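These notes are about the structure you will find just below.
Just so it is clear, none of the values below were taken in a lab; they were calculated from the coordinates. None of the values given here were measured: they were computed from a predicted structure. Neighbour counts are summed over all protein chains in view; Cβ atoms, including those assigned to glycine, are modelled from backbone coordinates with ideal geometry.
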Amino acid sequence: MFSKILWLFFLPFPVLAGFFCPSCAADLSPILPASQPPIVSVKVLPEPIFRGAPGRVLVAGLPADAAVSGSFRDAPIFFFDNKGVMVGLFGADIMLKPGEYPLTVTYGSGSAAETKTVTVSVTDKSYGVRDIKVPQSQVDLSPEDLERVRVERIAVTKALNFKSPARLWSGEFIEPVRGRINSSFGRQTRLNGVLNARPHAGADYLVGEGTPVAAPADGVVILTGNHFFAGNSVYIDHGQGLISMYFHLSKIDAVEGQSIKRGEILGLVGKTGRVTGAHLHYGIYINGARIDPPVFRQMTATLAGDPYLPESALYD
Ligand SMILES: [Zn+2]
């Protein structure tokens, strides 16, 4: 309540007038010529963004039916409406080098289309190294296993490139399991003493075998399978290039093509694939960028509180 009162001190007078008296707000409208194009503003949050984190670009001031699209690092950005502000999600991949990168947004159509470019500052984050010991046969693969991995990789790549245009989720992502997170996202793995260049692209939840795994948000199951490294796996498309994945399951309770709701059980925690013990590996990709799932969950919780509402929203 106090913060709401405090807000009033920072609002410009015309906004205050409209806030207290809707008819005054109506009187202000002739000040803007009808032919003047809308003032469109573009903002990236958070700023800066660290590698492995999700980001969002907010576009305010567009007419309700305006087309808007964007791109970052050659990946598309899809937009959805959040209380009159168009929001597009993107990711700073875990392997992205710190630096300044352009992000473009295009809105309008035909000859009236406009493109704005904003700069995304990506900063470094130290994720550390972890030591893991597995049977050497899971490191030096046999020709049969190499061929198996090659075929599985084709199916996984196809799933990760899945880009259904509509947003299938809303609200806050929930945790897929309740339990301790071994926040190993981003860590490099020293596998049997040899450092692997690829960082760990998910969060591991240390929970017992048989623990039910829930879908964190609505989506469609686009891939299930038993894979060499990931074991029993489920991939969910949440729309607009947002894909989540669940590895090492003891049992899969979902089928490809199935619509799944937030909280619905997709399988049970297990220790299938290349693991040292039972746990859930939970990964999230945004249009190919590998990002930290718990950080993404926090972002979905804050979307409702984004400060960047268009001025018209203050007259509601
Ligand atoms: Zn993992």
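How much length, in nm to one decimal, is gained on full extension between SER111 and ARG148, taken as 0.36 nm per residue of separation minus their Cα-Cα distance?
Result for the pair: 8.3 nm of gain on full extension.
What does the extension gain come out to for LYS43 and ALA67, with contour length at 0.36 nm per residue minus their alpha carbon separation?
Extra length available between LYS43 and ALA67 comes to 6.9 nm.
Would you tally the net charge around VAL177, using a Cβ to Cβ cut-off of less than 13 Å, leaving VAL177 out, and scoring K and R as +1, D and E as -1?
Summing Lys and Arg as +1 and Asp and Glu as -1 gives 0.
Which lysines have a Cα lying under 21 Å from the Cα of LYS163, excluding residues fewer than 8 positions away in the same chain?
Answer for LYS163, where 21 Å is the Cα cut-off: LYS261, listed by chain and number.
Along segment 223-230, what does the Karplus equation 6.51 cos²θ - 1.76 cosθ + 1.60 (θ = phi - 60°) give for ³J(HN,Hα), rounded to whole Hz, x for Gly and Pro?
With coefficients 6.51, -1.76 and 1.60, one gets 7, 9, x, 10, 10, 4, 8, 8 Hz.
Straight-line reach from LYS43: which lysines fall under 20 Å, measuring Cα to Cα and dropping same-chain residues less than 8 apart?
LYS83, LYS116
Shape of segment 148-224 from its Cα gyration tensor (a ≥ b ≥ c, root eigenvalues): rounded if a/c is under 1.5, otherwise prolate when a/b > b/c, or oblate?
Oblate.
Give the lysines whose C-alpha is closer than 17 Å to that of LYS133, dropping any in the same chain fewer than 8 places away, or say none.
Here the lysines satisfying the reach criterion relative to LYS133 are LYS271.
Relative contact order for segment 129-300: what is it in percent, counting Cα pairs under 8 Å that are at least 6 residues apart?
Once divided by the residue count of segment 129-300, the mean separation gives 25 percent.
Could you derive backbone 3J(HN,Hα) for segment 244-255 from the dihedral phi with the Karplus parameters 6.51, -1.76 and 1.60 (θ = phi - 60°), listing whole Hz in sequence and x where the residue is Gly or Pro?
These are the phi-based 3J(HN,Hα) values: 10, 9, 9, 10, 6, 5, 7, 8, 9, 10, 8, 10 Hz.
Extension gain VAL129-ASP74, at 0.36 nm per residue separation less the Cα-Cα distance, in nm?
Stretched fully, the VAL129-ASP74 segment lengthens by 16.9 nm.
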